[in-house]
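Each remark here refers to the structure printed beneath this line.
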Amino acid sequence: MERRMKNVTITLPDDLVARARVEAAKQSKSLSRFVAELVEERCTTPDDAAAALIRFMKGPGFPGIAKNLPTREELYAEREEELVRRYESHRLRDGPGRDAEANDRGGVAGEPEHDGNAGSEPTKPE
């Protein structure tokens, strides 16, 4: 889309014109284009910026944009499956005897047997 252009005459101090020409040359632009871009930057309204952001968010649908991300339920289901696999592989590694040992020890496997008086208050000598 070609934009219509209008010639405008502006008056600027000599030193400002010199600095503007140097900056325009650094960016490989004409002084006219350099000034036009500065004016456009300053005159952009928040509505223009919001519209540009909305256009960007709608985008062409690149991977990673929100519409391609998994839902919360899918993420939790995937995590749940992983935890179940870990739990089942842990049980297979420990073997079936581990559960029986845990039941014999009051629900805790691998803990050494304690004397019935262990941990009680020492008696006072008389």
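The values are calculated or read from the model by the stated rules, or taken from the named source; none is laboratory data. What you are looking at is a predicted structure, and each value in this text was computed from that prediction instead of being measured. Quick reminder, even Gly has a Cβ in these numbers, built from the backbone with ideal geometry, and neighbours come from all protein chains shown. Note: areas computed on protein heavy atoms with side chains; ligands, DNA, RNA excluded. Shrake-Rupley method; radii C 1.70, N 1.55, O 1.52, S 1.80 Å.
Assessment of the range 31-54 against the conditions (modelled with pLDDT of 85 or more and either among the polar types (S, T, N, Q) or at positive phi (or both)) yields at least one matching residue. Figure legend. Inter-residue proximity from the range 1-26: first residues without any contact (Cβ under 8 Å) to a residue 40 or more places away in the chain, second residues among the basic types (Lys, Arg) and open to solvent by 70 Å² or more (accessible area, probe 1.4 Å), beta-carbon distance below 9 Å, spacing 6+ or different chains. Indicated pairs: ALA24/ARG33. Restricting attention to the range 1-58, the residues that are open to solvent by 100 Å² or more (accessible area, probe 1.4 Å) and touching a Phe, Trp or Tyr at 6+ places or on another chain (Cβ under 9 Å) add up to 1.
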